[in-house]
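Visitor: Just dropping this structure here.
Nothing in this text is a laboratory measurement; each read-out follows from the coordinates by a stated rule. Bear in mind the structure is a predicted one, so any value in this text is a computation, not a measurement. Note: ideal-geometry Cβ built from the backbone for every residue, glycine included; neighbour counts use all protein chains shown.
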Amino acid sequence: MSKRMKAMLLSQEAALRERDAQMLKLQETVDSQQAALASRAAEVEHLKLLIAKLRRMQFGRKSEKLDHQIEQLELRLEELQADEGAAPVEIPKTPRAAAEQTRRQPLPEHLPRETRTHLPEFAGKCTECGGRMKSLGEDVAEQLEYVPASFRVIRHVRPKFACVCCDHISQAPAPSRPIERGLVGPGLLAHVLVSKFADHIPLYRQSVMYAREGVELDRSLLAKWVGHAATLLKPIVETLRHHVMSATKLHADDTPVPVLAPGNGKTKTGRLWVYVRDDRASADMTPPAVWFTIRPIARASIRSSTWSHSTVRCKPTRMVAIRPSTIPGASPRRPVGPTPDDNSTNCTRRALMR
């Protein structure tokens, strides 16, 4: 065997050993990344279980320390989930079959589109020979963007017109406002309510968020807006209550909550009641609905005043079905259960103010 052939074999063996070393190193990197991901996944699941446990503890006596612990755990959970979305270590990708490649979901069609055309620096003249350029088509790529919400002031201008022949003056009526003589518009009022009750953003946090936009809205002012909104929504709530309580079968449950008594600063136990009308399992085509109410009195008083003619026991740990037709003296369409009174309405308003 010639020396040249031996040199070629030695170089190939060296190349093979180098490739094996690289593959071993890449395999070690993959194993370490998989171990790190498994550890993070285990920590994420542990944090989720711990947060769920603490939230269940909140149904008892609430404390600021418990809220702080939940907030810190949620922040840690967000950090871990954000790290999972970060760019991983670059590892040579092996080609996958076309069927295995995940397809990106198209962006929703109902979102408005804003077209931005990017023209080259010299669109009408060739930079190579100076000739005239013609269009060959275009490439279109979509990107999902978020436009932050912004405040604006709506100026309602009502011109006055006077007759030149008589003293008659004409002017359009003033547009209605959700709050009489109030500065808040219907869109802003709806945003405050959705942020508080759907997104669980307290009013004091909303006040800080609006201040960053240069709009100073005190928490007490936001609380007054919420109270006025509760008054505006009362007809809808009453209609919903009548629809729910006129059912022949109800599901009810209550939750104890501490209610701050006005004047003395002490708390007493109130009850948050929920009534559910849903009999779709019995082929009832009536639309299901849920009605909530609050009673700032003890559980025993509610049971004695409401369930005195019923043999059904209402426990806060489960839903209880109630058939008004089985209660002596109750018509099939007669509402059963506590109805809102002045005390419950005032208590609801105080809860909204907080």
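Visitor: Computed FRET efficiency, Cβ-Cβ of residue 284 and residue 257, R0 25 Å: what is it to the nearest 0.05? List each step's numbers first, then the result.
Guide: Working: r = 32 Å, r/R0 = 1.27.
E(calc), rounded to 0.05, equals 0.20.
Visitor: Would you mind getting me the FRET efficiency between residue 10 and residue 147? Use the beta-carbon distance for r and R0 = 51 Å, nearest 0.05.
Guide: Values: r = 65 Å, r/R0 = 1.27.
The calculated FRET efficiency here is 0.20.
Visitor: In nm, to one decimal, how far is the residue 174 label point from the residue 160 one, both placed 7 Å along Cα→Cβ?
Guide: Inter-label distance under the simple model: 1.4 nm.
Visitor: Calculate the spin-label point distance for residue 26 paired with residue 249, positioning each point 7 Å from the Cα along the beta-carbon direction, and give it in nanometres.
Guide: Simple spin-label model gives 6.3 nm for this pair.
Visitor: Roughly what would the spin-label model give for residue 234 and residue 40, points 7 Å off Cα along C-beta, in nm?
Guide: 5.3
Visitor: Okay, next question. Taking H as built 1.01 Å from N, whose amide H comes closer than 5 Å to the amide H of residue 217, not counting residues under 5 places away?
Guide: 211
Visitor: Hey, another quick one. Please list log₁₀ I(q)/I(0) at q = 0.27, 0.30, 0.33 Å⁻¹ for the range 186-232, using the Debye equation with identical point scatterers on the alpha-carbon positions.
Guide: Rounded to two decimals, the profile gives -1.06, -1.25, -1.37.
Visitor: Would you please name the trypsin sites (Lys or Arg not before Pro) within the range 132-209 that are DSSP coil residues with at most 12 other C-beta atoms within 10 Å of their C-beta?
Guide: Passing sites in the range 132-209 are 134, 152, 155, 181.
Visitor: In whole angstrom, how far apart do the alpha carbon centroids of the range 170-228 and the range 233-279 sit?
Guide: That distance is 25 Å.
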